[in-house]
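The numbers here are math on the coordinates, done by the rules we state, and not lab data. Just so it is clear, the model here is predicted, and its values are computed rather than measured. Note that we place each Cβ from the backbone using ideal geometry, even for glycine, and neighbour counts take in every protein chain shown.
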Amino acid sequence: MQDQYNPAEVEAQAQQYWEEHQSFNVVEDTSKEKFYCLAMFPYPSGKLHMGHVRNYTITDVIARYQRMQGKNVLHPMGWDAFGLPAENAALQRNTAPAAWTYSNTDHMRSQLKQLGFGFDWSRELTTCKPEYYKWEQWFFTRLYEKGLVYKRMATVNWDPVDHTVLANEQVIDGRGWRSGALVERKEIPQWFIKITAYAEELLADLDKLPNWPEQVKTMQRNWIGKSRGLDMHFDLASPVGEFTGFDIYTTRPDTIMGVTYVSLAAEHPIAKILAENNPALAQFIAECKVQSVAEADMATMEKRGIDTGIKALHPITGEPVSVWIANYVLMDYGSGAVMAVPAHDQRDYEFAKKYDLPISQVIAPQNGEAIDLTKAAFTEKGVLVNSGEYDGLDFNAAFDAIASTLEMANKGQVKTNYRLRDWGVSRQRYWGAPIPMFNLPDGGEIPVPAHKLPVLLPEDVVMNGVHSPIKADPEWRKAELDGQAVERETDTFDTFMESSWYYARYTCPNFEGGMLDKAAADYWLPVDQYVGGIEHAILHLLYSRFFHKLMRDEGLVSCDEPFERLLCQGMVLKDGTKMSKSKGNTVDPEELINQYGADTVRLFSMFAAPPEQSMEWSDSGVEGANRFLRRLWKAVEGHINAGTPGKLVVADLPQAQKDLRRKTHETIQKVSDDYGRRQTFNTAIAATMELLNETSKLADRANPLGLAVEREALEAAILLLAPIVPHISHSLWQALGHKSIPLNEKWPTLDESALTRSTVEVVIQVNGKLRGKLDAAIDSPKEQLEALALAQENVQKFLEGITVRKVIVVPNKLVNIVAN
């Protein structure tokens, strides 16, 4: 072998071998235990960043380790290729989104290969290709036929520059997260999938996921937001249009006797009718349409409203209460109406203070203490006061009593509700999968028949930045069904649709007979290990779980959940800040590979921190990783040049060689646990580094037996590091004379007998201070340990001129000499 480590040469040779032998291509094999390892696929933005490198190194390490456990490992890769960023980038570059996207996938694929990731490229998916989105369209039509898809007018966040709907989280300070334009609240027809029909199962099945982080499960539980409350009806004192009243849902019926007004959302139909003859109200409603509706903003913004002048009747007392339109009430949640109890809800309290509305206490603390309503609302549960017949009841008793009163009066009923809302999948952009529906000339719609799928998205388009090319093209909209002229839907799917089932299509990416080949899907699913950022903890993971259950109910898959084990990797930081182009603190992985080699980049990424924690970038850390690999190379080169190892005869080993063997097998034991159970790859690397240090200290190259012990240690180190630094491991393994490659080797086997110690390190103290150490036979007699300790030269130095009073011996651990 060469005497110097040359990463470029070593990595090119290994990658050529893997390519020629199709080393990572897999097929179903029922004779083997399967393992499906998956990283969240990337959006093809043009270049890999260090977050990508870390994410995909983690899954590559896990996949390679599991393969060395003898499992049949699927580790695929693809591209989350649709989306608004491609449209914006195409506009900036005066090109079409398709051309820009395919160029990026080509470049990023080459970067991924350069890093040595063991992906099965024969299964590569690109979600903007018709052979992928055809089946998504087909599935949508099946859901429509089952009644799980519907179209309705919906109030949305509308970005007037990007001409698309934004989620609440994409509206920042009232502006679109990408365009910066003031966002409008607008009513447009939207397609929805009934995720609420699966709310209870999505919630309950979180208990089937013991290998998910608790933080993620908690976030999903909160998003689903199951609550038990009361649906109640407030009559209007006088009708408004066709409305004689409205419904309100509350989880705090115990506070009902403290209602001093009610609030309606600006989009509530009653508000709209009233605004027709009330210019001030119309103006206020228009202002509400451009405010942020993100929860964080709603909690802190100024509470504003306008009195409609109409009255509603309290459902128990019959007393009239004023009806307000308030900016903190949203039509998206519940019925768009809330009963306002300022004494016991902080938002209502702030509103009542602003407009000098009554604040009536009806809940007192359980301990009888007084509350100060001049400062804030009292929002905890307690005992009812000032509530007539309900006085003295606690929350549960009051809930039941008030529910009974309202049910008897036909004014309310107990209801389980969910915060979760149906999934709006319509987007008004171009670069997405066309929604497979035909609009009929006389109104209504019909799903596109299977034989007319896919509805193809034209790729050779000119972007003008104003209208979607398919919305602007009347010819594209035209279609025909059974001799009748129909019109194609011009909305496209939310890109969460593509990312919600890609993991399943990887099991049969080239299957033409349907959405999934059930035999292949049932062999590989669920995904055994999923890795991705915590930012996807709610929407992507929730939608994927929902989609999986829909596919199960269609008979496409058999298991209930898509992902068995979830790891959310931490961010890559530089100077304490997340790396990003906007902050100018990025590091180009390609430059690092050219300078140090891919294995150095991979080693540093895994060594800098445990995978779920944020990793601080360090130039010196990268250099240190490279030095270690050079040391490993020199250790193997020196070992090979020292001669041929003999047979490893354990009984003939001197103590130093037994110690080295023990260290080898202690390392195998620890690293196996670090890779498998703990997934702490940084400590696995540290343990292997320690083994190499011990090898350099204890190796005996003067005889074949010593070389045999060193060979065992070096081979163990190479195989233990192979998942993390596969190129150098590939080269060193073959340099040691092996015909196979580490990828196809079995994980090192632990020899339990090598862990048995014949000696133990004993600490020597003089008056409680450390003065020496000695190696002694296990369970040596106290007298022998005492004599060995007193004979040590360093210990005698500290006993000069003083008298030994007593010697305390703790067998196998400690000798403490007390003297004065």
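Tabulated results
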quantity: Interchain or long-range residues, amide H under 5 Å from S292's placed H; calculated: G174
quantity: Residues of type lysines that K769 reaches as a straight line, Cα spacing below 29 Å, ignoring anything fewer than 8 places off in the same chain; calculated: K663, K697, K782, K797, K806, K813
quantity: Cβ-Cβ FRET estimate between E380 and D400, R0 fixed at 22 Å, reported to 0.05; calculated: 0.70
quantity: Most positive-pole-ward Cα, L603, Q428, M497, against dipole of the chain from beta carbon charges; calculated: L603
quantity: Placed amide H near D700: partners under 5 Å, 5+ positions off or other chain; calculated: E710
quantity: Neighbour cut-off at most 10 other Cβ (10 Å), DSSP loop, trypsin sites (Lys or Arg not before Pro), the stretch 424-513; calculated: none
quantity: Mean separation of Cα contacts under 8 Å (6+ apart) over length of the chain, as relative contact order %; calculated: 14
quantity: Dipole magnitude of the chain, debye to nearest 20 (Cβ charges: Lys/Arg +1, Asp/Glu -1, about Cα centre); calculated: 1940
quantity: The chain, helix-only ellipticity at 222 nm - DSSP H runs n ≥ 4, -39,500 (n - 2.57), divided by all residues, nearest 500; calculated: -11000 deg cm²/dmol
quantity: Sorted by Cβ density within 10 Å, fewest first, the residues M606, M232; calculated: M232, M606
quantity: Trypsin sites (Lys or Arg not before Pro) within the stretch 84-189: DSSP coil, no more than 13 neighbouring Cβ in 10 Å; calculated: K146
quantity: Amide H partners (placed H, <5 Å) of F35, local residues excluded; calculated: N72, V73, L74
quantity: Neighbour-count ranking [beta-carbon atoms within 10 angstrom, fewest first] of C559, C37; calculated: C559, C37
quantity: Proximal lysines to K186, defined as alpha-carbon separation beneath 24 angstrom and excluding residues fewer than eight positions away on the same chain; calculated: K151, K194, K272, K289, K303, K471
quantity: Dipole magnitude of the stretch 158-312, debye to nearest 20 (Cβ charges: Lys/Arg +1, Asp/Glu -1, about Cα centre); calculated: 120
quantity: Answer label, with mean projected area of the Cα convex hull in nm² calculated from the coordinates and candidates (i) 44.5; (ii) 33.1; (iii) 47.9; calculated: (iii)
quantity: Partner lysines for K578 [C-alpha distance under 23 Å; skip if fewer than 8 residues away on the same chain]; calculated: K47
